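The values are calculated or read from the model by the stated rules, or taken from the named source; none is laboratory data. Because the structure is a prediction, the values reported are computed rather than measured. Neighbour counts run over all protein chains shown; Cβ positions are idealised from the backbone, glycine included.
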Amino acid sequence: MIRIVHAQLVRLARGRTIAVLVSTTLLFAVLTSLTVFGTASSEPAVGGAAGRGSTTISALEGPSGGTEAFAIGASFTGFLVFVTFIALIATEFSGGTWRALLLRDPHRRRVLVGTVAAVLVLAAGTVALAELLTLVASWIVAPANGVATAEWFTISGVAAAAGNYLTVLAGIIGWAVFGTTLAVIFRSAPLALGVGFAWAGPFENIVVDSWDTGYRLFPGQVLASLIRGGTVELTMGRAVFTAIVYVTGAALVALTLVSRRDVTA
Amino acid sequence: MTNAVAVSGLTKRYGHRTVVDHLTLELPRGVVAGFIGPNGAGKTTTMAMLLGLVRPSEGSGTVLGWPIGRPAEFLGDVGALIEGPAFYPSISGRRNLEMLAIAGGHHRGRITGLLEQVGLAGRGEDQYRSYSLGMKQRLGIAAALLGDPELLILDEPANGLDPQGVQEMRGLIGRLAGGGRTVLVSSHDLSELEQVCDWVVLIEGGRALYEGPTRDLLDDRGGRLTVLPEWPADGARLIELLRTHDLEVGQEDGRIVVSAGRGVQPALAAAVNRLAFDAGIVLVELSPVRTTLEERYLSMMEVAG
């Protein structure tokens, strides 16, 4: 599998791709920090939601304050990861490059896992960079918003940063597996994207508006809760457990399909 | 020594549709084999089964001595271009090859030489999407050669190429065939295959109609000569003379065509020449009728169809 990961990284980790990723990450860091620090309230919202999505000055002054902007910003990136994986993996099937890889390594599950892992390696690096840049941007904008930063650079602060990183990465892995599974099922980027958009976009969000249980059941809502560190509707522990069940199921579907289907494209 | 490819009763069904129907064939090592058949005859599906991409519904087979159900055992020694070249469009031809070499555990040091071998030395750094169809096909051949394979499987490598590209591809396949390498190549261009293949597999409706040396297939109707006397007035006399010696005689395009069964062309030519000479008839042409692969293919299709 290492060979497949290496091969895919040779393709993905090009100067141009890296430049785009770094630029986008920098933009994310600046915009997120400015927005979060600029909109932080001095008092918790009435009936304020647990978890992420809004924050207060006091929260930003805590140990996790340095990476709070990163965590809030990252909670909105799940859908982006989802469609990116759908597009990347489905294109492997429709473009014939999946077939070309299988002629080099016929272990289909290994090739699929290696391909996804390579993109996740890149994603993990991007997330780390995003967290670091957001921390720097937050440190720059904090004084102007009256936020003390002393607690950020303590052991607790580092632990909180690591926790935020792992939470976001876990969510990204979940979205990646869902996206990959849809791509494997449909083997066509437009079709898989259409279904993915319809499900994770309008369907889930419209249904949960009138059916609260959807927050605890729908895969997209579960992963959103996970990345936010838990929500009122779904605690972090429950989100992790449900996400593991869903991601494992989706991965099994994808691996079973790739190993059994004929490669005809 | 085992055959490069041997399949027995190989069958592939999609629902009620049988694409490959109990195909049995053997390819000796070292041959350049043409895989011929009309569209939908099952050529690509057969190749895909040999490469582990498609699972047979029935039957068995071996590639380089290994069962086709265990492609990991033989794919390292097999290079293939099937269903057209497939590469990542936004990276260079060289980087595409590097990626595949890494994935297959092949030595990347061969890439520069391979790009030269397929005539892409000056374009290796260009994005794949900027390549012409011919260049894409040649990069596909280079990818197939990454592991210096014992067996090369090429599915329509000249598909979509212009006449010059077809000629270049034919030359390339001819060069690749050296050194004991076995090549299985499918094509619709039978004149091209006739020039490079010493073995032919002819399939129709998923079944093999013929499998064996190209020479034997083309010699099947051998023993035919075209004869042209110097003076047209001698034509009728020559026909009569030949018929009295139990030879089959007919006329095609103003020439006399003489047949005497299979594999006797040299003796037949000598006999016809001697008879004409003794009768005082001077011949200006005495040549064997060569059956082309295309003619043979079409006649076999007629019989099969």
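Got at least one residue in the range B:89-100 being within 9 Å of another protein chain (Cβ to nearest Cβ) and under 17 Å from B:ALA48 (Cα atoms)? Break it down into steps so the answer makes sense when it comes.
Taking the range B:89-100 as the starting set, the residues that turn out to be within 9 Å of another protein chain (Cβ to nearest Cβ) are B:89-91, B:95-96, B:98-100.
Among the residues that remain, those that are also under 17 Å from B:ALA48 (Cα atoms) are: none.
Checked the range B:89-100: no residue is within 9 Å of another protein chain (Cβ to nearest Cβ) and under 17 Å from B:ALA48 (Cα atoms).
Taking the criterion of being surrounded by fewer than 14 Cβ atoms within 10 Å (Cβ to Cβ) and within 24 Å of A:TRP98 (Cβ to Cβ), the residues of the range A:1-45 that qualify are A:ILE2, A:ARG16.
Does B:GLY235 satisfy the condition of being of a type in the set (Gly, Ala, Ser), without any contact (Cβ under 8 Å) to a residue 60 or more places away in the chain and farther than 29 Å from B:ALA267 by Cβ? Quick ask: steps written out before the conclusion?
Values: of a type in the set (Gly, Ala, Ser): yes; without any contact (Cβ under 8 Å) to a residue 60 or more places away in the chain: yes; farther than 29 Å from B:ALA267 by Cβ: no.
No: the conditions fail for B:GLY235.
Screening the range B:62-116 for residues that are among the charged types (D, E, K, R) and not in a helix (DSSP H, G or I) and picking the one that is modelled with the lowest pLDDT gives B:GLU83. The lone criterion from (1) aliphatic (A, V, I, L, M); (2) in a helix (DSSP H, G or I); (3) over 23 Å from A:SER188 (Cβ atoms) left unmet by A:ALA118 is number (3).
Where in the range B:229-305 are there helices (runs of 4 or more DSSP H), lying fully within it, with 1 or more residues that are modelled with pLDDT under 85? Give the derivation first.
On the way: elements: B:235-244, B:265-278, B:293-304.
Passing ranges, in order: B:265-278, B:293-304.
For the criterion of being buried (at least 19 other Cβ atoms within 10 Å of the Cβ), touching a residue at least 60 places away in the same chain (Cβ under 8 Å), part of a helix (DSSP H, G or I) and more than 9 Å from chain A (Cβ to nearest Cβ), B:THR46 passes. When you go through (1) surrounded by fewer than 14 Cβ atoms within 10 Å (Cβ to Cβ); (2) modelled with pLDDT of 85 or more one by one for A:ASP209, which number turns out not to apply? Result: A:ASP209 passes all but (2). Within the range B:138-181, the set of residues being among the hydrophobic types (A, V, I, L, M, F, W, C), assigned to a helix (DSSP H, G or I) and either within 18 Å of B:LEU51 (Cα to Cα) or touching a residue at least 60 places away in the same chain (Cβ under 8 Å) (or both) comprises B:ILE141, B:ALA142, B:ALA143, B:ALA144, B:ILE173.
How about the range A:55-70: which of its residues are touching a Leu at 6+ places or on another chain (Cβ under 7 Å) and of a type in the set (Asp, Glu)? Once the filter is applied, which keeps residues that are touching a Leu at 6+ places or on another chain (Cβ under 7 Å) and of a type in the set (Asp, Glu), the range A:55-70 yields only A:GLU68.
Note on the range A:220-230: residues that are under 19 Å from A:GLY201 (Cα atoms) and touching a Ser or Thr at 6+ places or on another chain (Cβ under 8 Å) amount to 6. I'd like the residue in the range B:11-39 that is over 17 Å from the mean Cα position of the chain (by Cα), in contact (Cβ under 8 Å) with a residue 12 or more places away in the chain and away from every other protein chain (no Cβ under 14 Å) and, out of all such residues, is surrounded by the most Cβ atoms within 10 Å (Cβ to Cβ). My answer is B:LEU23. The single residue among A:LEU257, A:LEU252 that is surrounded by fewer than 18 Cβ atoms within 10 Å (Cβ to Cβ), more than 14 Å from chain B (Cβ to nearest Cβ), at pLDDT 85 or above and under 30 Å from A:PRO106 (Cα atoms) turns out to be A:LEU252.
Of all residues in the range A:87-104, those satisfying the criterion of being surrounded by fewer than 23 Cβ atoms within 10 Å (Cβ to Cβ), at the interface with another protein chain (Cβ under 8 Å from one of its Cβ atoms) and more than 13 Å from A:VAL258 (Cα to Cα) are A:GLY95, A:GLY96, A:THR97.
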